[in-house]
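Let me begin by presenting the structure, written as structure tokens, before commenting on it.
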Amino acid sequence: MIKYILIYYETNFKANLTSICGSDIHAANGSSGRHYAPVAVGHEIVGKVVKVGCKASSKLKLGDRVGVGARYFYCKNCDACKRGLKNNCLKCIGTIFDVDKGSGVSTQGGDAFHNRNDGDLAFQIPKSLETNEAAPLLCGGITGFAPLLDNNVTKVTKIGIVGVGGIGHMAIQFAKALGAEVTTISRTRSKEEDAKKLGATRFVASGDPESMKEHKGTLDNILNTSSSLSQSAIEPLVVLLRPSGTIVVISTPFKLNFAAEHNIKPWVATFDINEKDLCEARVHVESSKVRYRAVMTAFDKFFAGSRQ
Ligand SMILES: [Zn+2]
Ligand SMILES: [Zn+2]
């Protein structure tokens, strides 16, 4: 029997859907070092508020459509929190595979029907964002967007985005919305057409020496969103930089209003939340078959009869 200790800042919400991020896969199959099972993964969650803690953010009301990303709790007192960097809180607790220090209960993610989170870490979803499309922005989207802001990407920036995948396909749209000239870098040309549809104007096939030569010394920043972090994957990209250019590597993880205003739309494939479809969705994500984010939906169907 799980006993929750109520933390006043918490907000309960009923999940409507969750999308699958790469770290869910790592947690479930143990590739990040150990198996976290039993765990309900999912940390790109959208739902409706069903209960608000008495000290929770006053902005949230019952029935609000909110999204939650990778953080369940932040301390509000450490150096990072005081500087407004709540994602980097030294005492933060993750939405999944972490432990609530107060109750000792393992945190569980969006594959469950209900969720509980710090009210300040539940974000109202702008009206113009579809629920399906809002979920992938909550971890993958912000992971691709934050380094663009940190590196002052603007309309005068020539940026290269490595990888057209779960994060990369959103980073291309964010960079384009900031006005940058976007070059997509991918091993082969198989995703060139998609990259152009997403807003890239140039394409480098990094496996083709001619293509690399053609784009030598043309980029101010390179944002690597691919899953490969090896020196052999990163080093060849340096020749694409202009003098004083930078490479930013993100291969692990709010600006929802920006996404709504600029019509940033993650490409999603939807699956029902049940054992069979969840397994199938994860296989699609692991094999990069999904274009480009899998979203688990139909929670009401699967959890029919569960306590509301
Ligand atoms: Zn994630
Ligand atoms: Zn803190």
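The values are calculated or read from the model by the stated rules, or taken from the named source; none is laboratory data. Just so you know, these numbers come straight off a predicted model, no measurement behind them. Methodologically, a virtual Cβ is constructed for each residue, glycine included, from the backbone with ideal geometry; neighbour enumeration extends over all protein chains shown.
Just checking, does the stretch 26-47 include any residue being acidic (Asp, Glu), in contact with a Gly (Cβ under 7 Å, 6 or more places away or on another chain) and either in the same structural domain as residue 297 (by TED's automatic domain parsing) or within 25 Å of residue 225 (Cα to Cα) (or both)?
For the stretch 26-47, residues acidic (Asp, Glu), in contact with a Gly (Cβ under 7 Å, 6 or more places away or on another chain) and either in the same structural domain as residue 297 (by TED's automatic domain parsing) or within 25 Å of residue 225 (Cα to Cα) (or both): present.
Would you tally the residues in the stretch 261-282 being over 23 Å from residue 114 (Cα atoms), surrounded by 15 or more Cβ atoms within 10 Å (Cβ to Cβ) and out of contact with any Lys or Arg (no Cβ under 7 Å at 6 or more places or on another chain)?
The number of residues fulfilling the criteria is 2.
Is the stretch 59-68 home to any residue that is farther than 25 Å from residue 196 by Cβ, of a type in the set (Gly, Ala, Ser) and more than 16 Å from ligand 2 (Cβ to nearest atom)?
Yes, the stretch 59-68 contains at least one residue that is farther than 25 Å from residue 196 by Cβ, of a type in the set (Gly, Ala, Ser) and more than 16 Å from ligand 2 (Cβ to nearest atom).
Pick from 130, 192: which is modelled with pLDDT of 95 or more and surrounded by fewer than 22 Cβ atoms within 10 Å (Cβ to Cβ)?
192
Output yes when any residue across the stretch 109-116 is within 15 Å of ligand 1 (Cβ to nearest atom) and surrounded by fewer than 24 Cβ atoms within 10 Å (Cβ to Cβ), and no when none is.
Checking the stretch 109-116: at least one residue is within 15 Å of ligand 1 (Cβ to nearest atom) and surrounded by fewer than 24 Cβ atoms within 10 Å (Cβ to Cβ).
Residues that are modelled with pLDDT of 85 or more and among the polar types (S, T, N, Q): find the strands (runs of 3 or more DSSP E) completely inside the stretch 1-84 holding 2 or more of those.
In the stretch 1-84, 10-19 are the strands (runs of 3 or more DSSP E) which contain 2 or more residues that are modelled with pLDDT of 85 or more and among the polar types (S, T, N, Q).
Consider residue 104 carefully, then state whether it is more than 16 Å from ligand 1 (Cβ to nearest atom), at pLDDT 85 or above and on the phi > 0 side of the Ramachandran plot.
no
On the basis of being at pLDDT below 90, closer than 18 Å to residue 46 by Cα and either within 16 Å of ligand 1 (Cβ to nearest atom) or part of a strand (DSSP E or B) (or both), does residue 271 make the cut?
For residue 271, the condition - at pLDDT below 90, closer than 18 Å to residue 46 by Cα and either within 16 Å of ligand 1 (Cβ to nearest atom) or part of a strand (DSSP E or B) (or both) - is not met.
Which one of 97, 145 is of a type outside the set (D, E, K, R), away from ligand 2 (no atom under 16 Å from the Cβ), crowded, with 19+ Cβ neighbours inside 10 Å and in the same structural domain as residue 172 (by TED's automatic domain parsing)?
Residue meeting the stated conditions: 145.
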